[in-house]
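See structure below.
The values are calculated or read from the model by the stated rules, or taken from the named source; none is laboratory data. What you see is a predicted model, and the numbers here were worked out from it, not measured in a lab. Don't worry about glycine lacking a Cβ; one is built from the backbone with ideal geometry, like all the others, and counts go over all protein chains shown.
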Amino acid sequence: MVELQGIPVSPGVAIGPALVLDSDGFRIPRTIVAAEEAADEYVRLRDAVDAVSKRLEAHRLETSAVAGEDTGDIFAAQLQMLHDPRLHVELGRRIRHEQHSAGYAVNQVLHHYAAALRRLDNPLLADRAEDVLDIEKQLLLELGAMTRRPLSDLTEPVVVLSHNLTPSETANLDRRYVRGFCTETGGPGGHTAIVAKGLELPAIVGIGAFLDIVNEGDRVIVDGDRGRVIINPDEQMLESYQQRIQLRKSLSARLAELRDLPAETADGVRILLSANIEFPHETAVCLQRGADGIGLYRTEFLYLSSEEEPSEEDHYEAYSQVVREMGGRPVVIRTLDLGADKMGHRPLAEQEHNPFLGLRSIRLSLRNLDLFRPQLRAVLRAAVHGDVRVMFPLITTMAELRQARMLLNVVADDLNNEGIPFRSDIPVGMMVEVPAAVVMLEHFVREVDFLSIGTNDLAQYTLAVDRSNEYVADLYQSSDPAVLRLIRQCVEVADKFEIPLAVCGEMSSNPGRALLLLGLGVRNLSVPPLALPQVKKAIRSVSIDQCREIACRVMKLEAARDVDMYLLDRLGDIVPELILK
Ligand code: PEP
Ligand code: MG
């Protein structure tokens with residue numbers, strides 16, 4: 001049993017056999033062959049060893065001639081490993097007696113070998129482990145046993161263990177079979193994490209290098225609540241996690257009873273509790289969990305989950321589906337937030353050094369009108385089916401807001417001239433996710449109908465911490481006092497100008513932080529569908545006076561850690577059942 005710690009980004013527990021993807025996205029399938037095929041598999045292995053051996057010898061000669069014999073000896077060492085008799089005895093045993101395919105045997109034996117070298121804690125031997133893995137890869141390629149991006153052909157449940165997963169790869173995971181995932185890289189606020197929550201897949205990111213010590217098919221527990229990954233758990237551990245799964249189930253069953261009750265505090269203040277979605281099909285679960293509306297529809301996922309660039313009709317179909325299904329409840333459609341960690345179909349910018357500070361979001365939309373116009377047309381057209389509101393992301397300057405609004409008027413005129421049904425009198429809002437927008441909010445509010453604070457980006461840009469970088473994950477905290485002061489400032493401006501303000505960043509999905517937001521004066525929260533029941537439960541268990549007292553106390557604290565510890569403590573007093581030990 002091996003236990004690892006990473007960053008928990010999507011709650012829940014998943015247990016299943018590992019499907020391992022290396023840093024190039026290759027997967028080694030676990031294959032058992034029929035008894036009568038074992039001899040053929042062994043011949044295939046011998047042929048692959050011969051081919052790799054010839055290649056290594058050629059590299060040795062070439063490198064020695066160009067860079068000297070010492071450098072050529074790197075390949076001599078690999079050749080020696082490749083012909084190690086103990087290795088061949090073990091490979092032969094696996095193929096003949098355990099009926100492993102040649103590829104599976106190579107993967108298992110060489111991985112164990114590399115892990116044993118690493119465990120010796122000797123830097124020289126650790127380097128040899130890299131050589132062993134290199135030989136493994138060469139043999140597997142020779143055997144045709146490595147396949148790329150195979151996640152679409154799953155036939156049984158798995159836990160995906162990968163070096164990395166992009167938001168679009170995550171969006172395309174097959175929910176029928178993938179129970180959860182863990183990655184070596186990634187930070188707490190990245191969009192991969194957000195998609196995991198949307199798909200309700202327990203997930204852990206930023207674990208650091210660990211794929212060498214796992215084998216395809218090993219049993220894995222993903223504890224998305226605490227960020228623990230357990231490989232090959234013992235019986236006791238397995239049993240305690242099975243109990244935890246039962247506990248979670250009974251908690252969700254109890255919370256499900258709140259579905260038709262309003263998100264109202266104990267002293268009768270009605271809070272608007274909406275949901276954040278990435279895909280139209282999520283509306284079903286939002287309704288099932290009693291969402292008051294869609295507070296954030298991340299439309300860029302239409303790009304990330306399809307093979308081709310979506311047309312105006314594709315946008316229109318998707319939005320209309322959401323609006324119709326929400327049956328008159330408000331739907332806030334956020335315009336494209338592509339760029340940074342969410343790339344579309346065509347290269348929209350040269351490789352950027354700092355993509356989160358680069359051509360992303362509204363900046364990218366305003367520079368690619370052939371992308372932006374069809375989306376805006378589709379929004380106005382879908383608005384005839386219900387209560388649609390449009391929202392622009394990452395607004396930093398007044399000029400951006402004005403340009404976006406102007407374009408909206410232009411497409412409305414076009415639709416009018418073309419005689420296409422649409423509505424142009426829809427509320428227009430902006431996301432507040434850059435400190436500059438908070439500082440200038442008194443000006444912005446004169447030109448928008450509503451505001452929504454994106455705490456994911458607001459924390460990233462306030463604290464100068466890349467939200468998807470595991471190395472600075474401990475610094476990425478939306479409960480940092482600096483972020484809280486900016487939120488308070490937004491509430492004051494919104495109240496002064498009597499303009500609706502929501503918080504749609506992940507912060508509001510944490511019940512303790514949600515109570516803090518109520519105490520700061522926020523009355524409109526939008527959370528991932530997964531979090532609706534528990535946030536509603538927290539709201540219904542507390543009075544506004546209690547929330548104000550919490551906020552008052554929190555605003556005296558100096559560190560995010562103290563804030564979170566205090567909030568957890570208070571939540572434990574107010575709604576103990578939400579705290580799963
Ligand atoms: C945010 O930044 O808080 C937000 C809701 O937008 P996204 O997470 O999609 O960047
Ligand atoms: Mg954002």
Checklist entry - Going by the conditions given, is SER468 within 13 Å of ligand 1 (Cβ to nearest atom), hydroxyl-bearing (Ser, Thr, Tyr) and modelled with pLDDT under 95? => result yes
Checklist outcome for this item: By residue number, the members of region 475-494 that are within 16 Å of ligand 2 (Cβ to nearest atom) and either of a type in the set (A, V, I, L, M, F, W, C) or in the same structural domain as THR183 (by TED's automatic domain parsing) (or both) are VAL483, LEU486, ILE487, CYS490
Checklist outcome for this item: With the first residue restricted to region 358-372 and required to be charged (D, E, K, R), and the second required to be within 15 Å of ligand 1 (Cβ to nearest atom), Cβ contacts under 6 Å at 6 or more apart or on different chains are ARG360/GLY339; ARG360/ALA340
Checklist entry - Does ARG298 qualify as being out of contact with any strand residue (DSSP E or B) (no Cβ under 7 Å at 6 or more places or on another chain), closer than 27 Å to GLU264 by Cα, surrounded by fewer than 24 Cβ atoms within 10 Å (Cβ to Cβ) and at pLDDT 95 or above? => result no
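For (1) more than 16 Å from ligand 2 (Cβ to nearest atom); (2) under 13 Å from ALA437 (Cβ atoms); (3) over 27 Å from the mean Cα position of the chain (by Cα), each residue gets a yes or a no:
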{"site": "LEU371", "(1), (2), (3)": "yes, no, no"}
{"site": "GLY386", "(1), (2), (3)": "yes, no, yes"}
{"site": "ALA399", "(1), (2), (3)": "yes, yes, yes"}
{"site": "ARG402", "(1), (2), (3)": "yes, no, yes"}
Item to check | Unmet requirement for GLY290, which otherwise passes all of (1) without any contact (Cβ under 8 Å) to a residue 60 or more places away in the chain; (2) more than 16 Å from ligand 2 (Cβ to nearest atom) | outcome: (1)
Checklist entry - Within region 302-318, is there a residue that is touching a helix residue (DSSP H, G or I) at 6+ places or on another chain (Cβ under 7 Å), over 27 Å from ARG423 (Cβ atoms) and crowded, with 17+ Cβ neighbours inside 10 Å? => result yes
Item to check | ASN524 being within 25 Å of SER252 (Cα to Cα), in contact (Cβ under 8 Å) with a residue 40 or more places away in the chain and out of contact with any helix residue (DSSP H, G or I) (no Cβ under 6 Å at 6 or more places or on another chain) | outcome: yes
Checklist entry - Taking region 209-224 only, how many residues are surrounded by fewer than 17 Cβ atoms within 10 Å (Cβ to Cβ) and at pLDDT 95 or above? => result 1
Next on the checklist: Which numbered condition in (1) within 22 Å of the chain's Cα centre (by Cα); (2) within 16 Å of ligand 1 (Cβ to nearest atom) is the only one that PRO511 fails?
Outcome noted: (2)
Checklist entry - Looking at VAL483, is it within 13 Å of ligand 1 (Cβ to nearest atom), under 21 Å from TYR297 (Cα atoms) and either modelled with pLDDT under 95 or buried (at least 20 other Cβ atoms within 10 Å of the Cβ) (or both)? => result no
Checklist entry - In region 441-456, which residues are of a type outside the set (Ser, Thr, Tyr), farther than 9 Å from MET430 by Cβ and either touching a strand residue (DSSP E or B) at 6+ places or on another chain (Cβ under 8 Å) or more than 16 Å from ligand 1 (Cβ to nearest atom) (or both)? => result LEU441, GLU442, HIS443, VAL445, ARG446, ASP449, ILE453, GLY454
Item to check | In region 272-288, the residues that are part of a loop (DSSP other than H, G, I, E, B) and crowded, with 22+ Cβ neighbours inside 10 Å | outcome: GLU278
Checklist entry - Which ones in region 424-447 are within 16 Å of ligand 2 (Cβ to nearest atom) and within 13 Å of ARG334 (Cβ to Cβ)? => result GLY429, MET430, MET431, VAL432, GLU433
